[in-house]
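Input: a single structure, listed below in structure tokens.
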């Protein structure tokens, strides 16, 4: 990195790397979780509001070396958001807050950014990004940030780092010893979009939307204000590289009656993507409106044959138990669809358990274990009878979100 870049980046760099309906859709849409109700007329407004933020982001990218210009862009946009705000409950409301937080960080106003980050987490919006902000501005301890992100994103490097922290008393026997990477987030980020597309093509839209998110959040997130922000960091959670995944997640969310999540994902793809991504996102938003206008029947498919479901689940479970090193997730999936496998289920599960057991044994063997404790996926897997009880929740699990909200509300 040249000296000019190293001087400018701290100004623009945000730890915050911003980084889908069963039944008939009425003219007013309501989430299955009752978070928000809105009418079809608000969708054009959503597009308009997000377009403002997209244009601002394009300017930030263009002038990222010009400190004075960046500060001017930040102040002007914050005033614009104040002059033309969005109403409470509007589908663009939380994304406005998130981008306002981004601008406040750009201007160095950490106190107001913290307030918005806590508000976003309390409403379960933009949670991983907001936790990153809270950790990187010192509003929460680094260990707590890592714990929150590890629990929220169990197939990310945050989970692996958190497990390593718990294994402090166990030292690797030798460097370069071939210690298994568990979870292997590189393969998660590469393979998960394919898994998401499989779920989507077969009509399992909720699972597809979660898989798209897991692919995004498995990417490395640079957690320092002194390093490049999303549009410069190729390993971030937002930006051009992953905008298409956010857009795919948004459409799947909508088709799974997750309208709040759909608009959040859509905003992330439209704001931080390029002009083509914005245009694609606009088309997706317009499809949402057509679903509502035409009372179109959408939702997850239920007419798949048992054999089709069986092949799909087996293919995905093999992916989990492959290079991702997420064998417990594979076992959970097989249990969920056990009826489709009949007598084959026990054989499939036994094979995966044997692979997992061998992987865990190798992991333990490569350590000097003093207290008979080795943690993987947050579970002590040293006892042989415990390693098959490991559970890998889906990303942004509701129980985990509730726990984080409660913890932040009552203090660290």
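Among the residues of the range 339-359, is any part of a loop (DSSP other than H, G, I, E, B) and surrounded by 15 or more Cβ atoms within 10 Å (Cβ to Cβ)?
Yes, the conditions are met somewhere in the range 339-359.
With the structure loaded, tell me whether residue 270 is touching a strand residue (DSSP E or B) at 6+ places or on another chain (Cβ under 7 Å) and part of a helix (DSSP H, G or I) or whether it fails that test. When the stated conditions are applied, residue 270 does not pass them.
Any idea which residue in the range 170-190 is modelled with the lowest pLDDT, counting only those that are assigned to a loop (DSSP other than H, G, I, E, B) and surrounded by 12 or more Cβ atoms within 10 Å (Cβ to Cβ)? Applying the filter and picking the extreme gives 170.
Just one of the listed residues (150, 98, 92) is touching a helix residue (DSSP H, G or I) at 6+ places or on another chain (Cβ under 7 Å) and over 21 Å from residue 263 (Cα atoms), and it is 150.
Quick check on residue 366: is it modelled with pLDDT of 95 or more and either surrounded by 15 or more Cβ atoms within 10 Å (Cβ to Cβ) or over 29 Å from residue 269 (Cβ atoms) (or both)? Criteria not met by residue 366.
Among the residues of the range 97-108, is there at least one that is over 29 Å from residue 46 (Cβ atoms) and surrounded by fewer than 20 Cβ atoms within 10 Å (Cβ to Cβ)? Checking the range 97-108: at least one residue is over 29 Å from residue 46 (Cβ atoms) and surrounded by fewer than 20 Cβ atoms within 10 Å (Cβ to Cβ). Being modelled with pLDDT of 95 or more and not in a loop (DSSP other than H, G, I, E, B) is the filter here, so list the residues in the range 369-378 that pass it. Once the filter is applied, which keeps residues that are modelled with pLDDT of 95 or more and not in a loop (DSSP other than H, G, I, E, B), the range 369-378 yields only 376.
Table: residues versus (1) touching a strand residue (DSSP E or B) at 6+ places or on another chain (Cβ under 8 Å); (2) loosely packed, with under 13 Cβ neighbours inside 10 Å; (3) closer than 30 Å to residue 60 by Cβ; (4) modelled with pLDDT under 95.
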position: 277; (1), (2), (3), (4): no, no, yes, no
position: 280; (1), (2), (3), (4): no, no, yes, no
position: 287; (1), (2), (3), (4): no, no, yes, yes
position: 295; (1), (2), (3), (4): yes, yes, no, yes
position: 299; (1), (2), (3), (4): no, no, no, yes
position: 302; (1), (2), (3), (4): no, yes, no, yes
position: 305; (1), (2), (3), (4): no, yes, no, yes
position: 315; (1), (2), (3), (4): no, yes, no, no
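When residue 384 is tested against (1) in a loop (DSSP other than H, G, I, E, B); (2) closer than 21 Å to residue 158 by Cα, exactly one condition is not met: (2).
Name the single residue, out of those in the range 121-135 being more than 17 Å from residue 399 (Cβ to Cβ) and crowded, with 23+ Cβ neighbours inside 10 Å, that is farthest from the chain's Cα centre (by Cα). So the residue we want is 134.
The values are calculated or read from the model by the stated rules, or taken from the named source; none is laboratory data. Source: prediction; values computed, not measured. As a convention, Cβ positions derive from the backbone with ideal geometry for all residues, glycine included, and neighbour counts pool all protein chains shown.
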